[in-house]
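Sending over a structure as structure tokens; questions will come in a sec.
What follows is calculated from the coordinates using simple rules that are stated; it is not laboratory data. No experiment lies behind these values; they were computed from the predicted model shown. Every residue, glycine as well, gets a Cβ built from its backbone with ideal geometry; the counts of neighbours run over all protein chains shown.
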Amino acid sequence: MLSLTDKVTALSGVGPKRQKLYQKLGIETVEDLLHFYPRRYEDFSHPLPLSQWQSQTTALVEGTLLKKYPPAYIRKGMTLYKGLITDGFSRCQITFFNNEYALKGLALGETYLFSGRLEKNLSGYQMTVSAVIPTEESETLRPVYRLTEGLPLKGVLRNIKDAIAAYLPLVKETLPAFLLKRYRLLPIKEAIASIHFPKDQKAFEEAKRRLCFEELFFFSLALFLLKGRPKEPNRVPIPACSMSPFYQSLPFSLTDCQKRSIDEILKDFSSPHPMRRLLQGDVGSGKTVVAAAACYAAAQSGYQSALMAPTEILASQHEKTLEGMLSPLGIRIGLLTGSLSQKEKMILRAGIQNGDFDVVIGTHALFQQATVFHRLGLVITDEQHRFGVRQREALIQKGDTPHHLVMSATPIPRTLALMLYGDLDLSVLDQRPAGRKPVETFVIHSDKRTRALHFLRKQIEEGGQGYIVCPLIEEGVGELTAATRYAEELKETVFRGISVGLLHGKMNAEEKDAVMSAFARGEISLLVATTVIEVGVDVPNANIILIENAERFGLSQLHQLRGRVGRGERESYCILLSDHDNPDTRRRLSVMRKSNDGFFIAKQDLKLRGAGDFFGEKQHGVPVLGIADLMEDSLLFQTAREEARSLLKEDPKLEKEEHRPLSEKVQHDWIQKKLWTE
């Protein structure tokens, strides 16, 4: 008896190994696989001669196979399979990485469509082939999925075809009939089949429109239902107190937006309902000072504050900063992290329960059952996108409906923030504190890489520290392998004699903390990292960052990476390295060169890339949309929101019999799985 909840192992060719790879992508069941939509399509309908393609682009060429070369063994685990093709005018060497059968299956003298990365240099044309199809399939749009290392596209395509053939009849319609009719939307089964294997552009567009509408409709329903929950009464009233001692103790003046945000928080403290506020600020805008002011006010009324950070190094950093601001005013600070010994945790937790600490800073250890607060009045979560809603709620449950301040370093345009965080009041820090220097930013080609690396070495020799962000990894090469190889190469060449550290995504939290702590202490002078450099980590001595393959990052991500430097007295530099010369790439990177304003950069990023790429995967507290884009599909979003609003006006809790399937889907698939992820 087939069921959509069958594990993917029910499909032919999916054993334990492939199952684990699917799990990395969040795919557990056949239903998950059916809703695993392509990230893009390869259009095989418009091949061009080699001479009409620019170098360093993905090209589509109709070519006849002239020759096959013997395999080239580069190193253990890497073999190149090469051939020679002609488009009738020019010749091109083609390369397949670790794919013997791709070349073996091609016949000499036969003509195929080759798609891949094309390079043009003095020795002629060279293509790293990503796909080959027979010329008779030239009208097709081939889906390309977001994959993980070791999971071949060919196998995924076969699994999805099998899932559609066997399980698609079990899929039930999810949208009410009146919506399908009103907006001329495809039935769900037809939409799923067409989104994976569209017969032409029109079929793809109709399938995408249907699935986008559905996704945005349920997203809107979920948001409205969450925001419509009744508000609790304020059980932690914190009356107005004099903030003068706090302000006078600071060695700097607050910006106007910091003062405004503090006033908004103090007003919330004595309002009829508990504070639920998002404090959003650019890199280095001074969110911690605002948090310290809130903690000070809470302490004046005898309430404890808890500040939760996603990593130990960030928690330690906050403890050091708040200690400097609040300890002189008699406020007692405690730091609770997972790496403390059991005895240290026991002593600290006893102090928290007895009220010996006014402010407790920590990681996930804060919301564990063993941690009991004496009188918790304020909860602050930093880098809130790193915590699931349940984790934040677990900490809030430690008190009697305490106030909650959420901090985010991701600048989101105000209108979009209000749309997404409508259940939170919004405070924005959009001014830079006095004395914070802008980071000088350069965009260079790889022919200047050696000069840039020597400049980086010079900065280190003069007492600074630097980051190099590794290139994003091509399919087939692991992040760890590439990052390690790159770090070793730098150690043996330009940075010989300099302490080089490595930080990558395969490390566990303790290993990452150890490396970042060593870098913060100055024991590591150059940190080679993938994109896991912690947001918010403050190493004032770090003054230069070089980002390889900068074109592959969104502007907002580049801005966050650039924010790792420029936190001290030294002149600071960001070098963006990219060989892409197409106008869109240059225009995007020039935004970074011209501006240090995160809000301006975020707006440009949204315009240029749309919200799907802007938010990225599982980031910033925004649920990952499988197919829709909040900016690109903004008109459809408005329509879907209005339909959701209208439906809830008629049936506020979706209690009517005909709305039961809607209620089950929105609760299970959205509120529990996407908006309440851990």
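Quick one: pull the percentage of alpha-carbon pairs in the range 46-138 with a separation above 23 Å.
On the way: 739 of 4278 pairs.
Tail of P(r) above 23 Å: 17 percent of Cα pairs.
Simple spin-label model, 7 Å along Cα-to-Cβ: SER55 to ASP584 in nm?
Distance between label points: 2.2 nm.
Test of understanding: what is the full-extension gain from ASP669 to ALA107, defined as 0.36 nm times their sequence separation minus their Cα-Cα distance?
197.5 nm
Which log10 I(q)/I(0) values does the range 135-231 give at q = 0.14, 0.18, 0.22 Å⁻¹ under the Debye formula, counting every alpha carbon as one identical point scatterer?
Taken in order of the listed q values, log10 I(q)/I(0) reads -0.68, -0.98, -1.19.
Relative to the longest principal Cα axis of the chain, at what angle does helix 449-461 sit, 0 to 90 degrees, rounded to 10?
Between helix and principal axis, roughly 20 degrees.
Length gain on complete extension for the stretch SER3 to GLU492, per 0.36 nm per residue less the alpha carbon to alpha carbon distance?
170.4 nm
Here's another thing I want to ask about it. What spacing in nm lies between the two simple spin-label points modelled at LYS154 and LEU329, each 7 Å away from Cα in the Cβ direction?
Taking the simple label geometry, LYS154 and LEU329 are separated by 6.6 nm.
Kindly provide the pair-distance distribution of the chain built from C-alpha pairs, with 20 Å bins from 0 and whole-percent values in order of increasing distance.
Computed distribution, short to long bins: 15, 45, 33, 6, 0.
If you stretched the chain out fully between PHE455 and LYS653, how much longer would it get, using 0.36 nm times the residue separation minus the C-alpha to C-alpha distance? Don't skip to the answer; put the middle values down first.
Numbers: separation 198, 0.36 × 198 = 71.28 nm, distance 6.18 nm.
Separation in residues times 0.36 nm, less the Cα-Cα distance, equals 65.1 nm.
Let me ask something additional. Within 10 Å of each residue's Cβ, count the other Cβ atoms and sort ARG209, ARG375, ARG564 from fewest upward. Show your work: numbers first, answer last.
Working: ARG209 18, ARG375 15, ARG564 27.
Fewest to most other Cβ atoms nearby, the residues stand as ARG375, ARG209, ARG564.
If one takes the longest principal axis of the Cα atoms in the chain, at what angle in degrees, from 0 to 90 and to the nearest 10, does the Cα axis of helix 634-650 lie?
On a 0 to 90 degree scale, this one is about 60.
Hey, another quick one. Mind pulling the angle between the C-alpha long axis of helix 598-609 and the longest principal axis of the chain? Nearest 10 degrees, somewhere in 0 to 90.
It is inclined by approximately 30 degrees.
With an 8 Å cut-off on Cα pairs and a minimum separation of 6 or more residues, tell me the relative contact order of the chain in percent. Present the calculation step by step, with values, prior to reporting the outcome.
Values: 1200 pairs, mean separation 83.6, N = 678.
Dividing the mean separation by the residue count of the chain yields 12 percent.
Say each of ALA518 and LYS24 gets a label point 7 Å from the Cα, pointing the same way as Cα to Cβ; how far apart are those two points in nm?
Reported label-point gap for ALA518 and LYS24 is 2.5 nm.
Okay, moving on. Please find the FRET efficiency linking THR64 to ASP43, where r is the Cβ-Cβ separation and R0 is fixed at 30 Å, and quote it to the nearest 0.05. Please list the in-between numbers first.
Values: r = 21 Å, r/R0 = 0.71.
Once rounded, the FRET efficiency stands at 0.90.
While we're looking at this one, here's another question. How big, in percent, is the set of alpha carbon pairs in the range 2-71 lying more than 14 Å apart? Before the final figure, lay out the partial values.
Working: 1750 of 2415 pairs.
For the range 2-71, the fraction of Cα-Cα distances above 14 Å is 72 percent.
If R₀ is 41 angstrom, what is the calculated FRET efficiency for the pair PHE442 and HIS374, using the beta carbon separation as r and rounding to 0.05?
On the way: r = 52 Å, r/R0 = 1.28.
Approximately 0.20, to the nearest 0.05.
Just need the relative contact order of the range 46-138 here, percent rounded to a whole number, with Cα pairs under 8 Å and 6+ apart. Please report the intermediate quantities before stating the final value.
Details: 210 pairs, mean separation 28.4, N = 93.
It rounds to 30 percent for the range 46-138.
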